[in-house]
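Comments concern the structure below.
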Amino acid sequence: MHEINQSPYTIKNFLPLIIILCLIVACTVILQLVYGFNITEALYDFMGVFFLVFGGFKAINLTGFVHAYREYDLIAKKSTLYAYLYPFLEVIVGIMYITRSQLIVANWISVILMAASSIGVITALVQRKDITCACLGDVFKIPMTYVTLAEDIIMGLMAFFMLMKQ
């Protein structure tokens with residue numbers, strides 16, 4: 001008989017993330033209802049609201065975010081300045097998506113940020129490090145799991161998809 005590896009995490013660990021993602025989807029749907037549904041525009045709205053919200057949570061306690069982010073992000077480990085700038089990069093990219101300005105630049109920045117973050121998350125997961133995900137800054141203590149990796153990969157793929165459409 002094989003022993004099943006049970007995760008020590010429950011839905012309660014991820015409740016803040018689930019609620020925030022539901023609110024981001026709701027904002028996206030509302031924007032689409034107001035301006036008319038278009039899949040490309042919906043992706044931009046989702047990505048814009050996502051980066052604004054996640055960047056905002058990171059900026060609330062910037063020092064706490066930097067400390068948590070430097071635990072696993074490859075670039076942040078080498079550059080504290082990058083770690084401090086990261087939330088503001090997300091906010092800027094979010095604004096670019098919402099205002100539909102410089103979308104090629106926004107998509108490239110998103111692809112690069114999400115790819116670099118994914119590599120750091122994969123490394124932390126492979127090493128089985130028990131660390132807190134910095135995705136919502138230091139406001140909520142969300143565990144680093146494959147949920148974090150999925151979040152980074154999905155956002156990176158969405159930006160890559162949008163680049164291929166341009």
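Odds and ends about this structure:
- If you go through region 108-136 and pick out every residue that is of a type in the set (G, A, S), assigned to a helix (DSSP H, G or I) and within 20 Å of T63 (Cα to Cα), you end up with 2.
- If the condition is being over 12 Å from N13 (Cβ atoms) and part of a loop (DSSP other than H, G, I, E, B), then region 137-148 contributes G137, D138, V139.
- Inside region 1-45, residues that are more than 30 Å from I131 (Cα to Cα) and at pLDDT below 85 make up a count of 1.
- With respect to the conditions (1) surrounded by fewer than 21 Cβ atoms within 10 Å (Cβ to Cβ); (2) of a type in the set (G, A, S); (3) in contact with a Ser or Thr (Cβ under 9 Å, 6 or more places away or on another chain); (4) touching a residue at least 60 places away in the same chain (Cβ under 8 Å), G64 falls short on a single one, namely (3).
- Residues satisfying the stated conditions in region 17-56, i.e. polar (S, T, N, Q) and either more than 22 Å from V105 (Cα to Cα) or buried (at least 16 other Cβ atoms within 10 Å of the Cβ) (or both): T28, Q32
- Entry remark, region 75-88: residues being touching a helix residue (DSSP H, G or I) at 6+ places or on another chain (Cβ under 6 Å) and either over 21 Å from T145 (Cα atoms) or surrounded by fewer than 14 Cβ atoms within 10 Å (Cβ to Cβ) (or both) number 2 in total.
- All of I30, I20 fail the test of being part of a helix (DSSP H, G or I), within 24 Å of Y97 (Cβ to Cβ), β-branched (V, I, T) and in contact (Cβ under 8 Å) with a residue 12 or more places away in the chain, apart from I20.
- Residue that is surrounded by fewer than 21 Cβ atoms within 10 Å (Cβ to Cβ), modelled with pLDDT under 95, under 25 Å from F160 (Cα atoms) and not acidic (D, E), where the choices are T132, T99, T123: T123
- Some residue of region 34-49 being within 14 Å of the chain's Cα centre (by Cα), aromatic (F, W, Y) and over 20 Å from M144 (Cβ atoms): yes
- Checking each residue in region 136-166 for being free of Cβ contacts under 8 Å to residues at least 12 places away in the same chain and closer than 13 Å to I122 by Cβ picks out only A150.
- From Y84, Y72, residue being assigned to a loop (DSSP other than H, G, I, E, B) and farther than 22 Å from M162 by Cα: Y72
- Residue match in region 105-116 (condition: under 27 Å from K12 (Cα atoms), of a type outside the set (S, T, Y) and at pLDDT 95 or above): yes
The values are calculated or read from the model by the stated rules, or taken from the named source; none is laboratory data. Predicted model only: the values in this text are computed from it and were never measured. We place every Cβ from the backbone using ideal geometry, glycine too, and count neighbours over all the protein chains shown.
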